[in-house]
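One structure is given below, encoded as structure tokens.
The values are calculated or read from the model by the stated rules, or taken from the named source; none is laboratory data. As the structure is a prediction and not an experimental result, all values here were calculated from the model. Here the Cβ positions follow ideal geometry from the backbone for every residue, glycine too, while neighbour counts run over all protein chains shown.
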Amino acid sequence: MPTSYLFAIASVLVASVGQILMKGEANKEHKSFLSKFLNFRVIFAYVLMVFSLFLNAIALRDLPLAVLPCITSTSFIWILILSSIFFREKPTAKKVIGAMLIVVGIIVSRVDFGELTALFVSAGA
């Protein structure tokens, strides 16, 4: 089970690196329309995306299905971090708030409110 979590996290990180590579190429000027898509970085980014799907499939063999969307949603946070590192982009307030909402959503989706309610009820009794 723990290795499935590692595969899921690796899948997200590999896909995030692929997206950063594509973003870097999208910001560049190219000689032709085809050279924008048929260059080493873009092709390598697509290879990373396919590898990410492979890692995701391995993770899904043992990982509870409810967990994977929580791990996958962190890709937005990783891309925000990687963009600020590699492209020197300053995160906007909206992007930071969005990242915080993702973290809150992950926490809310993983909390067992039945157990939490029972804990508060037993503490108050």
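Points worth noting:
- Conditions (1) in contact (Cβ under 8 Å) with a residue 40 or more places away in the chain; (2) among the basic types (Lys, Arg); (3) surrounded by fewer than 16 Cβ atoms within 10 Å (Cβ to Cβ): number failed by Lys31: (1)
- Yes/no for Leu38 being modelled with pLDDT under 90, within 12 Å of the chain's Cα centre (by Cα) and not hydroxyl-bearing (Ser, Thr, Tyr): no
- The set of residues in region 50-66 that are surrounded by fewer than 18 Cβ atoms within 10 Å (Cβ to Cβ) and without any contact (Cβ under 8 Å) to a residue 60 or more places away in the chain comprises Val50, Phe51, Leu53, Phe54, Ala57, Ile58, Leu60, Arg61, Pro64, Leu65, Ala66.
- Residues located in region 77-98, provided they are surrounded by 17 or more Cβ atoms within 10 Å (Cβ to Cβ) and over 14 Å from Gly24 (Cα atoms): Ile77, Trp78, Lys95
- Those helices (runs of 4 or more DSSP H) of region 14-124 in which at least 3 residues are aliphatic (A, V, I, L, M), considering only elements entirely within it, cover 40-62, 75-86, 93-110, 113-124.
- Candidates are the residues of region 50-109 that are among the basic types (Lys, Arg) and out of contact with any helix residue (DSSP H, G or I) (no Cβ under 8 Å at 6 or more places or on another chain); the one that is modelled with the highest pLDDT is Lys94.
- Residue match in region 35-42 (condition: of a type in the set (Val, Ile, Thr) and loosely packed, with under 12 Cβ neighbours inside 10 Å): no
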